[in-house]
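The structure appears right after this line, and notes come after that.
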Number of protein chains: 2
Amino acid sequence: MAVGSRRELRRNQTIDEILTIAVDVMAEVGVAGLSLSEVARRLGIRPPSLYKYFPSRLALFDRLFQLGHQQHLNDFRAGAEAAEPGLPALLSALQASGRWAMANQPLAQLLFWRPVPGFEPSAEAFAPSQAMVEDVRRMLGDAVERGQLAPGAATEEGVAVLSVLVTGMLSQQLANAPRESFDQGRFTRLGPQIFAMFRDRYPPTEDPHGDS
Amino acid sequence: MAVGSRRELRRNQTIDEILTIAVDVMAEVGVAGLSLSEVARRLGIRPPSLYKYFPSRLALFDRLFQLGHQQHLNDFRAGAEAAEPGLPALLSALQASGRWAMANQPLAQLLFWRPVPGFEPSAEAFAPSQAMVEDVRRMLGDAVERGQLAPGAATEEGVAVLSVLVTGMLSQQLANAPRESFDQGRFTRLGPQIFAMFRDRYPPTEDPHGDS
DNA sequence: GTCTATAGCCTGATAGAC
DNA sequence: GTCTATCAGGCTATAGAC
């Protein structure tokens, strides 16, 4: 592999620069408006040189898709670590996820809305997304075990319902008031209420472990 | 105005054709991929001729935006008429709204996600959307009056929460499984559960009118 | 890995004849 | 209202020199 060679290092730095610039461009002209020429222009090279790093425009999108999901997953997991296991961890993780989405809107649009004609993410780029779904499911299971939610929460349906609530909040905020902050947003600020609705849909039975 | 002249009539027919074709094109190449040239090609005229009907590409999008919201509102209201006033009417209307979105995905994306770089809908094109929000609010008020929901439902918050639930369901379905039907969709089929969550968030007090 | 050069397309939009 | 002609520019992608 020789991953650590100076040449490899430099190459990876360039790739990172390309990705950063691409995100900037999407923020300015819209996700679907991303062009390789504009990226090259800002990087100070000629468009053909980009093809040494990405074989096509759609390949760049694939990498951006993967990058976005990876960042999203990282923030989600950091959020989970920042609170008590079980329901608090899940709530904290989802908050972190929402903050990431508002702070990285072009990537969030790419991940959640698929606005690029002809682009279908590769299985590889999709992997972090699946990992997150599994995380959510596991955390729901934790919450059930701790008697914080009814067993129905840790099912396909529970995961789907939760995803509807979270993406609904974010979609409305991103589409209607993208410049409001996560905390002040007219939709995202409803997070606690929305999450309470989820909890109330799967109310825990009392004293499940006899350890209260 | 002379709205009924034969010339006006023919012109409006052509405009309708253009809009229909534009929707077809968006369905094939993505909303942001719509081009005037392709529309002209399918209509059997040259691109410059289109400018007699729409002064620019963005003007076409504006008209499509308005058309979509108008259709959506029509279906929503027809749904409302098809059930008892109050909560049933609202549920029926929202179901009709969801069906319209799944059956008109390119327009739905244009309305709900704003995927076209540089396009901001005009106030005029936005009017039907505001009308629908007012309808929802009025119907929530009806439901409260009838003792089917708590008063909190007919507030800014109630409208926002409901919009989060509905658009969340549709966003997830459109982005992740656009070819599933409204009734079978892994997300849209959760409609009754989701709606029940809304109702349970604003539970009615008992016997509000003494007429039970 | 970078460049020049270029192919080969596409687009939105305008001018002006008919 | 339709056309031809055209502007003026964009883009992805490839070939091949250095």
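The values are calculated or read from the model by the stated rules, or taken from the named source; none is laboratory data. Predicted, not measured: the structure shown is a model, and the values here were computed from it. Backbone-built Cβ (ideal geometry, glycine too); neighbour counts: all protein chains shown. In case anyone asks, the SASA skips ligands and DNA or RNA and just uses the protein heavy atoms, side chains included. Shrake-Rupley method; radii C 1.70, N 1.55, O 1.52, S 1.80 Å.
Of the residues A:55, A:85, A:106, which exhibits the maximal mean-square fluctuation in a Gaussian network model of chain A defined by a 10 Å Cα contact cut-off?
Between A:55, A:85, A:106, it is A:55 that shows the largest mean-square fluctuation.
Rounded to the nearest 10 degrees, what's the angle between the helix B:123-145 long axis and the longest principal axis of chain B, both from Cα atoms, 0 to 90?
It works out to around 10 degrees.
Are there any trypsin sites (Lys or Arg not before Pro) in the stretch A:105-182 that are in a DSSP loop and have at most 14 other Cβ atoms within 10 Å? List them by number.
Qualifying residues, ordered by number: A:179.
Express the carbon and sulfur contribution to the solvent-accessible surface of the stretch B:1-54 as a percent, rounded to the nearest whole number, probe 1.4 angstrom.
51 percent
What is the percent of Cα-Cα separations in the stretch A:57-201 that go past 21 Å?
44 percent
Express the accessible area of the stretch A:57-201 per residue in Å², computed with a 1.4 Å probe while the remaining protein chains stay in the model.
42 Å²
Against the longest alpha carbon principal axis of chain A, how many degrees, from 0 to 90 and to the nearest 10, is the axis of helix A:6-29 turned?
Between the helix axis and the principal axis of chain A, the angle is about 70 degrees.
Excluding ligands, DNA and RNA, what is the accessible area buried between chains B and A, summed over both sides, using a 1.4 Å probe, to the nearest 100 Å²?
Buried area between the two chains comes out at roughly 2400 Å².
Run through the other copies and list how far each one's label point is from that of residue B:9, in nm with one decimal, shortest first; the point sits 7 Å from Cα along Cα-Cβ.
Ordered by distance, the counterparts are at 7.8 nm.
Tally up the carbon and sulfur contribution to the accessible surface of the stretch B:60-129 as a whole percent, 1.4 Å probe, everything protein left in place.
About 50 percent, which is the carbon plus sulfur part of the accessible surface.
Residues of the stretch A:138-172 losing 50 Å² or more of accessible area relative to the isolated chain, 1.4 Å probe, heavy atoms only?
Buried-area filter returns A:164, A:172.
By the scheme Lys and Arg +1, Asp and Glu -1, what is the net charge of all other residues having a beta-carbon under 14 Å from that of residue A:40?
+2
Please tell me the relative contact order of chain B in percent, rounded to the nearest whole number, where contacts are Cα pairs under 8 Å and at least six residues apart.
18 percent
Please give the calculated 222 nm ellipticity per residue for chain B, where each DSSP H segment of at least 4 residues contributes -39500 (n - 2.57) and the sum is spread over every residue; nearest 500 deg cm²/dmol?
It lands at -22000 deg cm²/dmol.
Decide, for the protein assembly as shown, between rounded, prolate and oblate: order the square roots of the alpha carbon gyration tensor eigenvalues as a ≥ b ≥ c, take rounded if a/c falls under 1.5, and otherwise choose prolate if a/b is larger than b/c, else oblate.
Because a/c hits 1.5 or more and a/b fails to exceed b/c, the protein assembly as shown counts as oblate.
Defining the label point at 7 Å along Cα→Cβ, can you sort the distances from residue B:55 to the same site in each other copy, shortest first, in nm?
Once sorted, the set of distances for residue B:55 reads 4.7 nm.
Which distances, shortest first and in nm, link residue A:124 to the matching position in the other copies, using label points set 7 Å out along Cα to C-beta?
Listed shortest first, these distances are 5.1 nm.
Could you state the accessible area per residue of the stretch A:1-54 in Å², with a 1.4 Å probe and every protein chain left in place?
65 Å²
Which chain B residue sits with its beta carbon nearest the axis carrying B onto A, and how many Å away is it, rounded to a whole number?
Chain B residue with minimal Cβ-axis distance: B:168, 1.
Which residue, A:22, A:37, A:9, has the largest displacement toward the positive end of the dipole of the stretch A:1-54 when charges sit on each Cβ (Lys, Arg +1; Asp, Glu -1)?
A:9
How large is ³J(HN,Hα) for each residue in the stretch A:35-49, as worked out from phi by the Karplus curve 6.51 cos²θ - 1.76 cosθ + 1.60 (θ = phi - 60°), to whole Hz, x for Gly and Pro?
Residue by residue, the stretch A:35-49 yields 10, 5, 4, 5, 4, 4, 4, 6, 7, x, 10, 8, x, x, 5 Hz.
Compute the convex hull volume of the Cα atoms of the stretch A:1-54, divide it by the residue count, and report the result per residue in Å³ as a whole number.
About 81 Å³ per residue, rounded to a whole number.
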